[in-house]
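Asker: So that we are looking at the same thing, I have put the structure below in structure tokens.
The values are calculated or read from the model by the stated rules, or taken from the named source; none is laboratory data. All figures in this text were calculated on a predicted structure; none of them were measured in a lab. FYI the Cβ positions are ideal-geometry reconstructions off the backbone, even for glycines, and counts take in every protein chain you see.
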Amino acid sequence: MRLFVSVDVDPLADAIADAQHRLPDAGGLRFVDPTDAHVTLKFLGEVAPSQRDALDVALSTAVDDAGVGPFTLTLGGYGVFPSLDYISVVWAGVREGGPALTRLHEAVERETTTLGFDSADHEFTPHVTLARMDDARGKAAVQRVVREADPPVGSVDVGEIRLTESTLTDDGPEYETIGRYPL
């Protein structure tokens, strides 16, 4: 099973689609399905079914250790990874709820690395991926929008983190929630 831990923002699908429509119809830009929008707390990769019980315990412990209760998550503005010079991902940023997401990420990171999962190799930047840039044909247009636009996206109440299975298909990834951990 290919798994990740996330905070899902399902109710914002229409607002995320609107944010995507503000981006240029640039060559090389591939939009993600707004109904699958989420903030990834930890990508776990391939997980053996035999690890599932231990993972459930670890994620429940992480939620308890983070000390985060239900909160409001507000998205807005654009950003890119890894840089404006070389764009691979275009994202919507987190305007409110960032500290709660960071505490959740840190707790999930601690618990999952204890189970033997690799630690993150980059700093945590809470975001929702809007598009991936497959090649640089539309880079200048994307750079311009990211520098000049700062659209509000929307807010959602967060009351849980999720464990999600990602199945890669020719039409893109398909996600299924296989675990929920209330805050």
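Asker: Specify which of the listed residues (Arg144, Arg162, Arg132, Arg137) is of a type in the set (Lys, Arg) and modelled with pLDDT of 95 or more.
Answerer: The match here is Arg162.
Asker: Further question: Considering only segment 14-21, I want to know if a residue exists there that is in contact (Cβ under 8 Å) with a residue 40 or more places away in the chain, out of contact with any Gly (no Cβ under 9 Å at 6 or more places or on another chain) and closer than 18 Å to Ser88 by Cα.
Answerer: Yes, segment 14-21 contains at least one residue that is in contact (Cβ under 8 Å) with a residue 40 or more places away in the chain, out of contact with any Gly (no Cβ under 9 Å at 6 or more places or on another chain) and closer than 18 Å to Ser88 by Cα.
Asker: Next question. Given the residues Ala37, Ala120, Ala62, which is the only one that is at pLDDT 95 or above, aliphatic (A, V, I, L, M) and surrounded by 13 or more Cβ atoms within 10 Å (Cβ to Cβ)?
Answerer: Of the residues listed, the single one that is at pLDDT 95 or above, aliphatic (A, V, I, L, M) and surrounded by 13 or more Cβ atoms within 10 Å (Cβ to Cβ) is Ala62.
Asker: Residues in segment 86-100: is at least one more than 18 Å from Arg22 (Cα to Cα), charged (D, E, K, R) and either in contact with a helix residue (DSSP H, G or I) (Cβ under 8 Å, 6 or more places away or on another chain) or part of a loop (DSSP other than H, G, I, E, B) (or both)?
Answerer: Checking segment 86-100: not a single residue is more than 18 Å from Arg22 (Cα to Cα), charged (D, E, K, R) and either in contact with a helix residue (DSSP H, G or I) (Cβ under 8 Å, 6 or more places away or on another chain) or part of a loop (DSSP other than H, G, I, E, B) (or both).
For every residue, the table says whether it meets (1) under 27 Å from Gly116 (Cα atoms); (2) crowded, with 20+ Cβ neighbours inside 10 Å; (3) within 15 Å of the chain's Cα centre (by Cα); (4) of a type outside the set (D, E, K, R).
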residue: Ala17; (1), (2), (3), (4): no, no, no, yes
residue: Asp33; (1), (2), (3), (4): no, no, yes, no
residue: Glu46; (1), (2), (3), (4): yes, no, no, no
residue: Val57; (1), (2), (3), (4): yes, no, no, yes
residue: Val89; (1), (2), (3), (4): no, no, yes, yes
residue: Arg95; (1), (2), (3), (4): no, no, yes, no
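Asker: Every residue in segment 163-183 that is of a type in the set (Ser, Thr, Tyr) and either under 17 Å from the mean Cα position of the chain (by Cα) or at positive phi (or both), please.
Answerer: Of the residues in segment 163-183, the ones of a type in the set (Ser, Thr, Tyr) are 164, 166-167, 169, 175, 177, 181.
Thr164, Ser166, Thr167, Tyr175, Thr177, Tyr181, listed by residue number.
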